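The values are calculated or read from the model by the stated rules, or taken from the named source; none is laboratory data. Just so you know, these numbers come straight off a predicted model, no measurement behind them. All Cβ positions, glycine included, derive from the backbone under ideal geometry; neighbour counts span all protein chains shown.
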Amino acid sequence: MSLYIIVMVFLIFSAYTGVASNFAADVRSWGIAIATFAALIGVINISYLHILKLYHRRKGWQYSIVMFTCFIVYFVVAYVYQPGYNWIISNLSIPLGAAFLSGFNTLGVIFRGSRARSIWSVLILFSVIMTALLSVSIGPVIWPGIVDIARWINDYPTTGVFRAVTIGIGIGLLMLVVRAILGMEKSYLGEL
Amino acid sequence: MVWKLKPEYEDSIVMLLFIVVASVPMAIPLGIPVEINPMTLKLYDTIENLPDGGIVLYDLTILNWFTNFQSDITIMKQILRRVKANELYLVIMTEGTGPIMGIDKAWNTLKLGELEYGVQWVYLGLVPGAENAEAAVAADVWSAKETDHYGTPLSELPLMQRFHSINDLALVCTGMNTSPDPPCRQFGGKGIPLILQNGISTIPLMMPYVEAGIITAYMTPGLQTAGYEKLLGELGLATSFADAQSVTVLYAILVMVASNVMYHMRRRKR
Amino acid sequence: MIVAGRRFEFIVFMLTLVLIYVGIWLARRGKSLNIKRLACIDALEEAVGRASEMGTPVWYGTGNAGLEGQYATMNIAALAILGRVAELCGKYGVYLQYMCNIPHMLPISRDLIKEGYQKGGRPEMFSEDMSRYVGGDQSSLVAATQGYIIEEKPSVVMIFGATMYEMLNTLAFGSRVGAMMLAGTPRLYYQSATLLAADYQLIGEELYAAGAMVSGDPIQVGAVQGEDWSKLIILFLLIIFAVAVNLGNPLYNLLTSW
């Protein structure tokens with residue numbers, strides 16, 4: 001904990017005074033190295049979980065075989081056969097990723113959630129429709145006024161609210177800094 | 001009579017209709033005109049007006065190939081035009097493993113193989129650590145990363161002899177997906193122009209920084225990227241998706257209206 | 001000593017630190033203000049009780065971010081809520097499933113869940129499988145979440161913390177299986193999903209207050225109080241600068257370039 005405090009105070013001091021900025025840059029790069037090691041924890045854990053699943057023949061153990069096969073094949077192909085690696089990325093990884101993060105579920109949420117129960121929700125729906133039409137080419141074609149209304153909504157009320165929340169998030173981060181520097185961080189982060 | 005279906009069936013009908021509607025522009029191209037946004041012109045001018053010999057850092061954080069990454073590719077196309085003319089130099093870094101795959105996939109589109117590696121451009125590869133990585137690169141890239149993506153020490157790359165910190169850069173571009181706060185904190189306000197590529201709904205998030213002059217220009221996927229492609233004269237995926245986007249947004253508005261109508265009719269029935 | 005152009009920023013920074021410290025100091029002496037009741041936190045016990053009656057698990061997620069940068073405070077609050085949910089699950093004998101795609105969240109969550117079940121009176125219910133690492137990518141988190149929700153049909157889905165796009169997917173699938181949904185994130189970008197789909201929400205900084213409340217730690221409550229005072233100072237400065245700039249007064253430029 002004291003090491004954490006020392007590093008944090010040093011980085012803040014360096015940021016404001018410019019003293020030892022090169023060393024501060026080195027310290028930040030240590031964080032990058034630690035982040036890389038943290039990735040190992042995940043690989044070890046996922047392997048451990050799936051090995052246990054296979055060993056005990058728990059529900060869905062067949063998918064563990066699929067997971068290990070894909071992991072090994074992808075790992076080997078990335079080093080041994082570059083065109084195969086490119087094929088896996090272009091034709092499997094990217095489309096699958098796009099499918100999972102697609103907007104289908106957004107539609108379900110919109111369908112269920114966008115029910116106007118008061119005058120305020122009607123206003124919100126109106127601004128949603130305006131801003132949605134601003135982001136597509138058909139919006140100005142339907143009515144050129146959409147552009148002005150939607151830009152006004154984006155530039156003034158929405159920006160004001162976002163500014164306020166950005167300030168709140170920044171101060172929230174300071175809360176953590178104060179608690180950590182003073183050794184009062186009682187959550188798990190402080191017990192490390 | 002008002003239909004009363006299970007939630008998953010209602011969802012499935014909405015999604016199936018969505019697929020049908022999104023497929024319409026593929027069969028019948030609508031040819032809706034694409035406008036060029038003033039912010040697109042500002043971004044274009046920012047890159048065109050960079051002084052000769054300047055180094056551009058492009059930081060990729062996320063891979064959404066069909067949306068955000070197309071914006072990244074289009075911005076890089078404009079930068080690479082000047083790189084090929086030996087006016088600018090490009091350093092690419094990524095903060096996640098996803099964009100590494102994106103660069104590999106976009107290699108031929110960007111024609112990176114035609115450039116002289118190490119002299120005209122460098123690919124630093126993955127610099128893990130999110131905002132920490134950005135801070136480290138801005139302060140001292142040589143301590144953040146000792147080798148490039150291919151394992152070559154930075155000392156053996158001529159371009160990297162000129163790039164040690166953000167003060168050596170002419171422009172920083174970052175591709176995000178949501179919050180503009182981390183790059184604005186680490187790269188912004190240091191006298192170097194900052195271009196952000198971010199999701200459409202983050203425009204209000206970016207506006208405070210744009211008005212403060214921290215973000216010089218931004219690019220959003222979809223319509224703005226389609227306009228940018230039109231400006232560059234190199235039509236790509238964003239242009240081909242522009243019609244489909246228009247149709248699907250109209251469909252989403254219809255879903256909202258239908259949802260409200262059904263909800264109020266069911267309430268009245270009770 | 002302080003770099004030019006950052007002196008005013010440093011003063012505001014130190015003032016914020018002092019206010020937060022004063023809030024903590026007052027809280028340690030039992031003089032903190034009460035945080036208002038949050039419907040979402042009050043609903044935690046009701047939600048876990050529902051899961052117990054239906055004999056189904058509770059799914060909990062903290063999203064595609066770990067304990068780095070601006071996401072640290074958000075996820076610390078979310079982990080505090082996870083500890084409370086684990087305690088309730090131990091009390092009611094409900095299986096809790098936590099999923100993450102950030103490696104360092106795994107040992108932390110595992111310890112919290114184990115401790116929660118011990119506090120709840122059912123340490124034997126805890127298994128390491130309750131905290132699962134599903135892969136390093138956002139897509140893998142979304143895939144695992146969707147698969148779990150569709151297969152196991154948890155009656156309660158909770159997602160708190162620095163969530164990203166997976167929140168939409170999680171809430172959409174939760175509504176498909178008729179789960180009760182509790183969600184909260186300070187990330188304004190995803191407030192819309194929270195408000196549209198979740199039954200109980202924590203909006204914006206309510207998550208920090210909720211984390212402080214459930215931890216029961218007066219220091220966290222005091223820090224939230226100090227944070228509110230800091231916001232008042234910043235609001236005061238905003239008004240002064242807005243008036244000054246509109247009147248053509250160079251006060252803002254002078255202070256920020258000092």
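Structure data summary
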read-out: Search result, residues across segment B:179-201 that are surrounded by fewer than 21 Cβ atoms within 10 Å (Cβ to Cβ) and among the β-branched types (Val, Ile, Thr); value: B:ILE192, B:ILE200
read-out: Test: residue in segment C:208-227 that is part of a helix (DSSP H, G or I), among the charged types (D, E, K, R) and facing chain A (nearest Cβ under 9 Å); value: yes
read-out: Per-region count, segment B:123-140, residues touching a residue at least 40 places away in the same chain (Cβ under 8 Å) and of a type outside the set (Gly, Ala, Ser); value: 3
read-out: So B:ILE36, is it within 21 Å of the chain's Cα centre (by Cα) and either among the acidic types (Asp, Glu) or assigned to a helix (DSSP H, G or I) (or both); value: no
read-out: Residue tally, condition closer than 12 Å to C:ARG132 by Cα and part of a helix (DSSP H, G or I), over segment C:97-120; value: 7
read-out: For B:SER246: the one exception among (1) among the polar types (S, T, N, Q); (2) within 10 Å of chain A (Cβ to nearest Cβ); (3) touching a Lys or Arg at 6+ places or on another chain (Cβ under 9 Å); value: (3)
read-out: Of the criteria (1) within 16 Å of C:ALA183 (Cα to Cα); (2) at pLDDT below 90, which one C:ALA47 fails; value: (2)
read-out: Test: residue in segment B:134-144 that is crowded, with 18+ Cβ neighbours inside 10 Å and assigned to a loop (DSSP other than H, G, I, E, B); value: no
read-out: Breaking point among (1) part of a helix (DSSP H, G or I); (2) more than 9 Å from every other protein chain (Cβ to nearest Cβ); (3) crowded, with 18+ Cβ neighbours inside 10 Å, for B:ASN108; value: (3)
read-out: Within segment A:94-180, helices (runs of 4 or more DSSP H) holding 2 or more residues that are within 22 Å of B:MET262 (Cβ to Cβ) and within 11 Å of chain C (Cβ to nearest Cβ); value: A:104-113, A:119-134
read-out: Condition check for A:GLY84: more than 7 Å from every other protein chain (Cβ to nearest Cβ), in a helix (DSSP H, G or I), of a type outside the set (D, E, K, R) and free of Cβ contacts under 8 Å to residues at least 24 places away in the same chain; value: yes
read-out: Counted residues, segment B:111-127 - those being buried (at least 18 other Cβ atoms within 10 Å of the Cβ) and in a helix (DSSP H, G or I); value: 1
read-out: Which listed residue is modelled with pLDDT of 85 or more, closer than 20 Å to B:ILE79 by Cα and either within 24 Å of the chain's Cα centre (by Cα) or aromatic (Phe, Trp, Tyr) (or both), from B:LEU159, B:LEU112; value: B:LEU112
read-out: Failed item, numbered, when C:PHE160 is tested on (1) more than 8 Å from every other protein chain (Cβ to nearest Cβ); (2) within 24 Å of C:MET14 (Cβ to Cβ); (3) crowded, with 24+ Cβ neighbours inside 10 Å; value: (2)
read-out: Residue pairs meeting the criteria (Cβ under 8 Å; at least 6 apart or on separate chains; first closer than 25 Å to B:LYS190 by Cβ and aromatic (Phe, Trp, Tyr), in segment C:236-258; second outside any helix (DSSP H, G or I) and modelled with pLDDT under 85); value: C:TRP258/C:ALA4; C:TRP258/C:GLY5
read-out: Residue that is in contact with a strand residue (DSSP E or B) (Cβ under 8 Å, 6 or more places away or on another chain), in a helix (DSSP H, G or I) and at the interface with chain A (Cβ under 10 Å from one of its Cβ atoms), where the choices are B:MET256, B:MET262, B:MET206; value: B:MET206
read-out: Residue that is farthest from the other protein chains (Cβ to nearest Cβ), among those in segment B:81-103 that are farther than 30 Å from C:GLY136 by Cβ and in a helix (DSSP H, G or I); value: B:ARG82
read-out: Residues satisfying the stated conditions in segment A:12-26, i.e. more than 9 Å from chain B (Cβ to nearest Cβ) and of a type in the set (A, V, I, L, M); value: A:ILE12, A:ALA15, A:VAL19, A:ALA20
read-out: Scope segment C:5-18; condition at the interface with chain A (Cβ under 9 Å from one of its Cβ atoms) and touching a residue at least 40 places away in the same chain (Cβ under 8 Å); matching residues; value: C:ARG7, C:GLU9, C:THR16
read-out: Among the residues listed as B:ALA170, B:ALA212, the single one being aliphatic (A, V, I, L, M), under 23 Å from A:TRP152 (Cα atoms) and surrounded by fewer than 23 Cβ atoms within 10 Å (Cβ to Cβ); value: B:ALA212
read-out: Lone unmet requirement of (1) more than 8 Å from chain A (Cβ to nearest Cβ); (2) farther than 17 Å from C:MET181 by Cβ; (3) part of a helix (DSSP H, G or I) for C:MET74; value: (1)
read-out: Pair list, Cβ under 7 Å, 6 or more apart: segment C:112-140 residue at positive phi and assigned by TED's automatic domain parsing to the domain that holds C:CYS100, other residue of a type in the set (Lys, Arg) and surrounded by fewer than 22 Cβ atoms within 10 Å (Cβ to Cβ); value: C:GLY121/C:LYS91
read-out: Subset of segment B:171-186 (residues that are within 17 Å of the chain's Cα centre (by Cα) and farther than 16 Å from B:ILE47 by Cβ); value: B:MET176, B:ASN177, B:THR178, B:SER179, B:PRO180, B:ASP181, B:PRO182, B:PRO183, B:CYS184
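Residues are listed down the side, and each one gets a yes or a no for (1) in contact (Cβ under 8 Å) with a residue 12 or more places away in the chain; (2) surrounded by 16 or more Cβ atoms within 10 Å (Cβ to Cβ); (3) at the interface with another protein chain (Cβ under 10 Å from one of its Cβ atoms):
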| site | (1), (2), (3) |
| --- | --- |
| A:PHE37 | no, no, yes |
| A:GLY42 | no, yes, yes |
| A:TYR48 | no, no, yes |
| A:LEU52 | no, no, yes |
| A:TYR55 | no, no, no |
| A:TYR63 | no, no, yes |
| A:PHE68 | yes, no, no |
| A:ILE72 | no, no, no |
| A:PHE75 | no, no, no |
